[in-house]
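**Student:** Dropping a structure here in structure tokens format, bear with me for questions.
The values are calculated or read from the model by the stated rules, or taken from the named source; none is laboratory data. Treat the numbers as computed from the prediction; the structure is a model and nothing was measured. Cβ placement follows ideal geometry from the backbone for every residue including glycine, while neighbour counts extend to all protein chains displayed.
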């Protein structure tokens, strides 16, 4: 019997084996969406789920670090504003935990170079279009 973990969205299951399962039991990409506001993070996660991803939500770096450690997602989308030191530390930490792609979303143009140099695989400026987010996630998955 397969053990299943449920997050805030009842239609999304996480298999204890570390593989997310979609319809028909096929493996689908695992995403961790990190936001600074739980409601907005859950709304964005729901939109990503509708595109066929299995998504976990976290709010802030501490919760996100624990989720990365436990679930080893394929892509981490970090949509929270961080200072240079905190962002660099977070990038380095999650990259050491598991092989994954890391996409940062930030309102500050100054973060782009710092985060890319710290280990982020991609960066987007707020505000952003969901269609661009989908395309960047797909590009990161092709790189994996």
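**Student:** Filter segment 52-68 down to residues that are free of Cβ contacts under 8 Å to residues at least 40 places away in the same chain and either more than 22 Å from residue 143 (Cβ to Cβ) or surrounded by 22 or more Cβ atoms within 10 Å (Cβ to Cβ) (or both), then give me how many there are.
**Tutor:** 10
**Student:** Are any residues in segment 88-109 more than 15 Å from residue 33 (Cβ to Cβ) and either touching a helix residue (DSSP H, G or I) at 6+ places or on another chain (Cβ under 7 Å) or in contact (Cβ under 8 Å) with a residue 40 or more places away in the chain (or both), and if so, which ones?
**Tutor:** Hits for segment 88-109 are 88, 91, 92, 93, 97, 98, 99.
**Student:** Take the residues of segment 71-101 that are part of a loop (DSSP other than H, G, I, E, B) and out of contact with any strand residue (DSSP E or B) (no Cβ under 8 Å at 6 or more places or on another chain): which is surrounded by the most Cβ atoms within 10 Å (Cβ to Cβ)?
**Tutor:** Filtering segment 71-101 for residues that are part of a loop (DSSP other than H, G, I, E, B) and out of contact with any strand residue (DSSP E or B) (no Cβ under 8 Å at 6 or more places or on another chain), the one surrounded by the most Cβ atoms within 10 Å (Cβ to Cβ) comes out as 98.
**Student:** Another question about this same structure. Applying the selection to segment 104-121, what residues are over 18 Å from the mean Cα position of the chain (by Cα) and surrounded by fewer than 19 Cβ atoms within 10 Å (Cβ to Cβ)?
**Tutor:** If the condition is that a residue be over 18 Å from the mean Cα position of the chain (by Cα) and surrounded by fewer than 19 Cβ atoms within 10 Å (Cβ to Cβ), then 108, 109, 110, 113, 117 are the ones that fit.
**Student:** A follow-up question, please. In segment 70-89, how many residues are modelled with pLDDT under 90 and under 13 Å from the mean Cα position of the chain (by Cα)?
**Tutor:** Selection size over segment 70-89: 2.
**Student:** Then there is this: Within the set of pairs 6 or more residues apart or between chains, which connect a residue that is part of a helix (DSSP H, G or I) inside segment 25-51 to a residue that is exposed (fewer than 14 other Cβ atoms within 10 Å of the Cβ) with Cβ atoms less than 7 Å apart?
**Tutor:** Note: pairs meeting the criteria are 42/8; 47/130.
**Student:** How many residues does segment 102-144 contain that are outside any strand (DSSP E or B), touching a strand residue (DSSP E or B) at 6+ places or on another chain (Cβ under 8 Å) and closer than 22 Å to residue 72 by Cβ?
**Tutor:** The total comes to 12.
**Student:** With the structure loaded, tell me whether residue 61 is part of a helix (DSSP H, G or I), at pLDDT below 85 and under 23 Å from residue 116 (Cα atoms) or whether it fails that test.
**Tutor:** Yes, satisfied.
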